[in-house]
1. For the ranges 438-446, 310-318, what's the packing order if you count other beta-carbon atoms within 10 Å of each residue, average per peptide, and put the highest first?
2. Computed FRET efficiency, Cβ-Cβ of residue 141 and residue 59, R0 45 Å: what is it to the nearest 0.05?
3. Keeping every protein chain in place, order 136, 99, 602, 366 by accessible area at 1.4 Å, biggest value first, i.e. largest first.
4. Tell me the per residue accessible area of the stretch 122-183 using a 1.4 Å probe; a whole number in Å² is fine.
5. Any idea how far apart residue 91 and residue 5 come out in nm if each label point goes 7 Å out from Cα toward Cβ?
6. Out of the total accessible area of the stretch 90-245 (probe 1.4 Å, heavy atoms of protein only), what percent is carbon and sulfur?
7. Hand me the chymotrypsin sites (Phe, Trp or Tyr not before Pro) from the stretch 87-132 located in a DSSP loop with no more than 14 other Cβ atoms within 10 Å, in residue order please.
8. Just to be sure I understand: if I project the alpha-carbon convex hull of the stretch 82-211 onto a plane and average over all orientations, what area do I get in nm²?
Amino acid sequence: SLENARLYTDLDEERSRLQAVIKQVPAGLIIAEAPSGRFLVANDKAREVLRQSLLSAGSVAEYAQYLGFHPDGRSYTSEEWPLARALQSGETVSAEEIEMLWADGAQGWLSASAAPIRDAQGRLTAAVIVFQDITERKRREEALQASEERFSKAFKNNPTPMAVIRSQDWTFVDANERFLRLLGYTASEIHGHYAIELGTWFMALLDEGGKRLAAGEPFRDEEFTASAKSREPKALLASIETMLIGADTCYLATFVDVTERKQVEEQLRQSQKMEAVGSLAGGIAHDFNNLLTAINGYCELALMGKKATSRDFKYLRAIRSSGERAAGLTRQLLAFSRKEILTTQVLGLNAIVAEMEDMLRRLIEENVEIKTRLDPEAGSVKVDKGQIVQILMNLVVNARDAMPGGGRILVETGKVHLEKPAPDTLLETTPGTYAVLTVTDTGTGMTAEVKAKIFEPFFTTKTVGRGTGLGLSVVYGVVSQLGGGIDLQTEPGRGTTFRIYLPQAGEEAREEAREEAREEVPDATEREYPESCRGNETILVVEDENTIRKFIRLALTTQGYRVLDARNGVEAMRLLAQAGQQINLVMTDLIMPDMGGRELAEQIRAHRPGLPLLYTSGYSKDLENLRETLAKSEYFLSKPFGPVDLARKVREILGPTR
């Protein structure tokens with residue numbers, strides 16, 4: 001009896017300790033009897049987790065009042081709950097997560113583990129289940145996952161090229177789509193590969209960035225040149241930051257592609273350089289034309305009346321020939337600087353090319369083949385015919401010289417409508433319809449260094465005596481003056497293609513051309529004074545260059561005119577006030593100190609509104625618009641001019657000789 005009492009006491013104490021342990025377990029705990037499923041033990045935490053009191057006669061059947069869902073969305077049946085499975089089949093369930101829908105409509109999550117309990121003979125006598133409310137943990141995990149997905153999408157879809165590289169061995173951890181497109185790689189060629197596989201440029205970038213970051217210095221917006229997979233150079237701004245991914249220290253490298261911006265900047269610098277050189281060339285041409293007006297003018301005066309057998313005749317003719325060649329040189333300079341005086345008309349581009357075809361064949365060598373391919377849609381352009389002749393001759397000669405061993409030249413015409421400015425053109429093209437003149441050769445091509453300089457005046461790769469270096473400069477100036485564009489494609493050993501964009505003439509311009517074609521154009525090729533050029537009117541000559549002023553006086557007085565001369569506009573106004581109505585014509589240079597030709601004209605108009613004015617100049621900043629702005633009684637004569645040109649113009653203005 002005493003032994004039984006002791007055993008009972010020990011059993012009671014053990015039961016008390018077990019109940020205390022069960023009560024203190026920080027999770028719900030239920031022990032159910034097999035096979036009935038009746039609950040033998042259920043702690044308070046179980047009631048708290050299940051959010052309601054258990055039935056007094058609790059059993060596994062009580063699970064039927066709870067709604068639980070599998071990961072695939074199916075509802076748990078009463079036989080599928082972990083405790084039921086442990087009782088029925090002796091299955092051990094470990095940390096099974098169950099999505100719950102409670103009776104009050106709230107949603108949550110349980111984590112449940114269940115195991116069978118067997119007696120000494122191995123018979124299944126009961127089962128135990130331990131479960132926890134993991135709703136908050138699951139919500140944190142979902143929030144974290146959602147956050148990671150957002151950041152992953154932000155990284156992958158970021159318009160800024162980005163790459164993550166492990167600092168320890170410079171292995172690519174990740175790279176976004178923009179980075180892959182920028183450099184032309186696929187994800188499989190980047191992820192898990194070493195930075196050295198992208199070339200030394202990436203190694204050098206990381207090395208420099210790592211040193212700067214280790215020294216506590218920032219590494220942001222550093223410019224460098226990278227190489228894409230295709231070996232195409234890329235100008236990039238790189239920034240590198242240090243970041244931790246797990247236990248690894250990594251570099252986050254971000255890039256800004258400034259390749260196009262650098263190209264635009266280079267084009268702008270080139271354009272500004274060409275503009276500066278053009279202004280210089282125009283200024284030189286202005287002074288040169290003044291000298292040539294006097295040289296060629298006096299030479300022609302000296303030739304007049306000379307017989308071919310005269311001792312001085314051949315010397316004077318040689319001087320005149322050299323002077324005319326010099327005048328041609330200044331015209332080239334003016335064409336480059338876009339200050340040349342032009343006589344524009346609407347002409348068919350195909351007609352000009354076809355007319356020049358025989359002449360172009362004479363320009364090339366026998367071992368060079370030239371072909372033309374004319375598109376009927378090329379249409380018409382409003383140009384000075386000599387401009388197209390200059391463009392085509394210079395491009396064909398340039399192509400010929402690039403093929404010393406022979407080759408082929410193809411001259412094509414075409415039409416293109418640009419919705420936006422054409423890419424890669426040297427001169428910016430505005431949207432519109434263009435006639436396109438293309439000259440392609442199979443010659444030696446050009447390096448990038450030569451390509452950058454070919455339009456500069458006097459730059460040439462030809463040997464001494466083979467060229468002045470003005471041919472392509474003239475092309476540049478003419479196309480610019482016409483409001484067109486130039487596209488140059490060339491590679492060493494692969495030939496060269498010049499594509500010239502010229503604005504197509506509209507219907508209004510074509511109708512204007514038809515009207516002008518009906519008018520007769522007088523021939524002015526003589527070098528002797530026609531009798532009809534004589535006169536007795538009074539002409540006021542305003543010219544700041546003494547030599548030119550004296551030449552004009554001599555050329556006009558020999559034809560019977562009375563000439564008054566002034567060095568500037570101020571003197572001219574004084575003479576005009578003194579001579580009054582006796583002056584029949586004012587001839588003035590456009591560019592003079594104190595008062596220029598246009599300013600003088602304004603003063604004259606205030607006193608003599610109908611007095612004819614004849615402007616002369618070899619250069620002016622507004623010559624392009626001069627013809628359009630001439631008033632009813634205003635005329636223009638381009639320098640250099642000869643005595644016959646001058647006499648003809650004066651008589652044209654004053655009318656038939658009285």
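1. Those peptides, ordered most packed to least, come out 438-446, 310-318.
2. Efficiency for this residue pair is about 0.85.
3. Correct descending sequence by accessible area is 366, 602, 136, 99.
4. Details: 3600 Å² over 62 residues.
In whole numbers, the stretch 122-183 has 58 Å² accessible per residue.
5. 5.1
6. Of all accessible area on the stretch 90-245, carbon and sulfur atoms account for 51 percent.
7. Hits after loop and neighbour filter: 102.
8. Quarter of the Cα hull surface area: 14.7 nm².
The values are calculated or read from the model by the stated rules, or taken from the named source; none is laboratory data. Computed from a prediction, not measured in an experiment: that's the story for all the values here. Reconstructed Cβ throughout: ideal geometry from the backbone, glycine too, with neighbour counts over all protein chains shown. For the accessible areas, the whole protein counts, side chains as well, though only heavy atoms, and no ligand, DNA or RNA atoms are used. Shrake-Rupley method; radii C 1.70, N 1.55, O 1.52, S 1.80 Å.
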